[in-house]
1. Out of curiosity, is residue 30 assigned to a helix (DSSP H, G or I) and modelled with pLDDT of 90 or more?
2. If we scan the stretch 195-205, do we find a residue that is farther than 30 Å from residue 47 by Cα and over 19 Å from the mean Cα position of the chain (by Cα)?
3. Would you check which residues across the stretch 162-179 are over 20 Å from residue 26 (Cβ atoms) and assigned to a helix (DSSP H, G or I) and list them?
4. Of all residues in the stretch 48-76, which are surrounded by 15 or more Cβ atoms within 10 Å (Cβ to Cβ) and modelled with pLDDT under 90?
5. Determine whether residue 216 is over 14 Å from the mean Cα position of the chain (by Cα), modelled with pLDDT under 90 and either surrounded by 14 or more Cβ atoms within 10 Å (Cβ to Cβ) or within 20 Å of residue 257 (Cβ to Cβ) (or both).
6. Say whether the condition of being surrounded by fewer than 18 Cβ atoms within 10 Å (Cβ to Cβ), over 19 Å from the mean Cα position of the chain (by Cα) and over 30 Å from residue 164 (Cβ atoms) is met by at least one residue in the stretch 278-286.
7. Taking the stretch 195-225, which residues are part of a helix (DSSP H, G or I) and touching a residue at least 60 places away in the same chain (Cβ under 8 Å)?
8. Only one residue in 275, 223, 289, 262 is within 30 Å of residue 22 (Cβ to Cβ) and out of contact with any strand residue (DSSP E or B) (no Cβ under 6 Å at 6 or more places or on another chain). Which one?
């Protein structure tokens, strides 16, 4: 290849990398839509097995059922919160005072309080409130965009799959098709396993919190189940929130809640997840942690939320396209 051609190719690759960096948030939204499409398609396929119908109709039924269930859940949570909001309001200030007193008696806790007071000493000025409101609107719009795009992808999955394959050379389309199918199956398997873990955490957290008399057991259990989607940091956030709300009842209840959250997480980590991984893809814990750190650094909070499924897809693509097709298919030099 002439020198000028090599320079042009290098410049083109550099421009593509810069463009990819600028559009990284768009790519994150697209991947979120793919996750929604995999979930909706899986549910639609299950409906098809129960009652034979067109795939698009099954997707529509799935969306309607999901909307009904979500609306019912929101209504139930509203009733649950409204029943206890007065009690929480009466006890919350006292619980915060007790928590601050306990932290102040600890060397590390006093430093945390000092940092917190400096960070919030000026209250919440209007610019900060406006920024928070703008961020909330952006998140809601992005979520609606991801859900809508995911539903369209699920309804016409063959169209988009074939269209993506046409971007590859003809002699590479079979390889690309196999890699995409394996990646899709791995992502679906990981989502099934994660769904099992989320249901387990939510159900047993609710049972445990109800038994120890914690406030808002349904809401906190639902939050714990949803945060289970985020490895490492999600369970920690759920546990801290549950303990903080338990302080509205008393320190003893907070201790019981901490024990419940720890026990549920240990059961999920050492019993439920290993059993679920027999039928789903297994991601080594180190890769999961690396994914959270890398994608969180590059993509922010969205990268943290979707780090594990992105690593699952990346791991499968590397195995299919590089390890098996390139490294292991090359002839071995037998030597002299």
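1. It is true that residue 30 is assigned to a helix (DSSP H, G or I) and modelled with pLDDT of 90 or more.
2. The answer is no, given that none of the residues of the stretch 195-205 is farther than 30 Å from residue 47 by Cα and over 19 Å from the mean Cα position of the chain (by Cα).
3. 162, 165, 170, 171, 172, 173, 174, 175, 176, 177, 178, 179 - these are the residues of the stretch 162-179 that are over 20 Å from residue 26 (Cβ atoms) and assigned to a helix (DSSP H, G or I).
4. Within the stretch 48-76, 48, 55 qualify.
5. yes
6. yes
7. Residues satisfying the conditions are 196, 197, 200, 201, 204, 218, 219, 222.
8. From the options 275, 223, 289, 262, the qualifying one is 289.
The values are calculated or read from the model by the stated rules, or taken from the named source; none is laboratory data. All values reported here derive from a predicted model rather than from experimental measurement. Methodologically, a virtual Cβ is constructed for each residue, glycine included, from the backbone with ideal geometry; neighbour enumeration extends over all protein chains shown.
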